[in-house]
Amino acid sequence: RFLIHACRRWAARKPLQALVLWLGLLVLGGAAHAAPSLELQKTLQPVSPTAIRTGVVFAYRLTWKCAGAVSPQDDCQGMKIVDPLPPYVELVTPPALNSPLVGINTTTDGSGNQTVTLSFEPNVAAGSTGTITLEARYKPGATPDGVTSNNVATISVTNPGVPAVNSNPVTTTSVVDT
């Protein structure tokens with residue numbers, strides 16, 4: 001009771017400061033929090049060699065993070081990862097659907113290039129991380145020798161004001177047996 005009475009006396013003596021404090025609490029909902037941030041790291045499995053024979057399966061490993069301080073305010077909403085595979089590279093084995101990963105869609109454009117889209121649960125909890133493996137290969141019989149391929153994936157969310165983030169590039173070179 002004493003605290004409430006003291007706050008009322010302070011507000012009566014300093015009405016402008018009291019109004020600013022009240023508006024700040026109203027806007028922030030009583031607690032400050034930041035929007036989530038996204039992280040995406042891509043590695044080649046096995047890491048070496050980067051010269052890969054056509055038809056031999058290799059893997060892109062995607063390690064993602066929904067970095068946020070408070071759940072549910074900082075959860076990643078509508079999170080997805082889009083990975084346009086380089087020319088001559090095709091998906092061989094899609095990853096298993098394990099929560100929070102709920103969907104995999106592979107599309108092929110008019111040139112035969114594939115794009116893999118990974119969809120997640122509507123809300124991925126702040127602080128969540130995961131690893132997804134995409135098994136791929138250079139198309140046998142269609143890939144020329146010495147093709148250098150750069151692969152970059154992008155992670156995004158539908159949270160307002162949170163920018164999409166690109167992974168680091170992974171570079172490989174095709175080798176055709178003669």
Quick check: at a probe of 1.4 Å, how many percent of the accessible area of the stretch 48-178 sits on carbon and sulfur atoms? 50 percent
Of all alpha-carbon pairs in the stretch 28-178, indicate the percentage at a distance above 24 angstrom. 37 percent
Accessible area expressed per residue, the stretch 38-178, with surrounding protein chains retained (probe 1.4 Å, Å²): 48 Å²
Quick one: length gained pulling residue 50 to residue 177 fully straight, 0.36 nm per residue minus the C-alpha distance? 44.2 nm
Positive-end residue, the stretch 52-109 charge dipole about Cα centroid, Cβ charges, pick of 73, 105, 89: 89
What accessible area, in Å² to the nearest ten, does a 1.4 Å probe give for residue 90? 40 Å²
Need one number for the stretch 91-170: average projected area of the convex hull over its C-alpha atoms, nm². 6.9 nm²
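The values are calculated or read from the model by the stated rules, or taken from the named source; none is laboratory data. What you are looking at is a predicted structure, and each value in this text was computed from that prediction instead of being measured. Cβ coordinates were reconstructed from backbone atoms using ideal geometry, including for glycine residues, and neighbour counts include every protein chain displayed. Surface accessibility is based on the protein's heavy atoms, side chains included, excluding ligands, DNA and RNA. Shrake-Rupley method; radii C 1.70, N 1.55, O 1.52, S 1.80 Å.
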